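Chemist: Handing you a structure now.
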Amino acid sequence: MTAILRYEVGSGTVLVEVADDSFGVERPSRNEQGITDAGRRLEDALAAIRPAANAAAEVLKEVGAEHLELQFGVKLAGEAGAIIAQNCSEAHFIVKLSFTHAPAAQLSPEEEIML
């Protein structure tokens, strides 16, 4: 079975389908149409994953690879906000962060002499 969560977003609302037994989805708050109010704005729910994404990006940047890509899934979970999904196939959003190190600046012959 699935449940429908309603999130406030921008100047409207968005409905999200989730597994009925999803973490953070409470049955008692459903309205007459069977829709559960998530109890928070979508933007606020998604902000919950920002610390994990920042931490992973910072650690992986230290690897020193020329190009690095980090991808993870995000599931919406009612009052719990957003959580990192076990796998991308069950996620509501797939977030892909990509980093490319700028090549070291080449010094001109005149700049090399000044060093």
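The values are calculated or read from the model by the stated rules, or taken from the named source; none is laboratory data. Treat the numbers as computed from the prediction; the structure is a model and nothing was measured. For neighbour counting, all protein chains shown are included, and Cβ atoms are generated from backbone atoms with ideal geometry for every residue, glycine included. Heads up: the accessible areas ignore ligands, DNA and RNA and are worked out on the full protein's heavy atoms, side chains in. Shrake-Rupley method; radii C 1.70, N 1.55, O 1.52, S 1.80 Å.
Chemist: Which ones in segment 52-85 are part of a loop (DSSP other than H, G, I, E, B) and open to solvent by less than 30 Å² (accessible area, probe 1.4 Å)?
Modeler: Once the filter is applied, which keeps residues that are part of a loop (DSSP other than H, G, I, E, B) and open to solvent by less than 30 Å² (accessible area, probe 1.4 Å), segment 52-85 yields Ala77, Gly81, Ala85.
Chemist: Would you pick out the residues in segment 14-60 that are at pLDDT below 85, of a type outside the set (A, V, I, L, M, F, W, C) and touching a strand residue (DSSP E or B) at 6+ places or on another chain (Cβ under 6 Å)?
Modeler: Result: Asp20, Ser29, Arg30, Thr36, Asp37.
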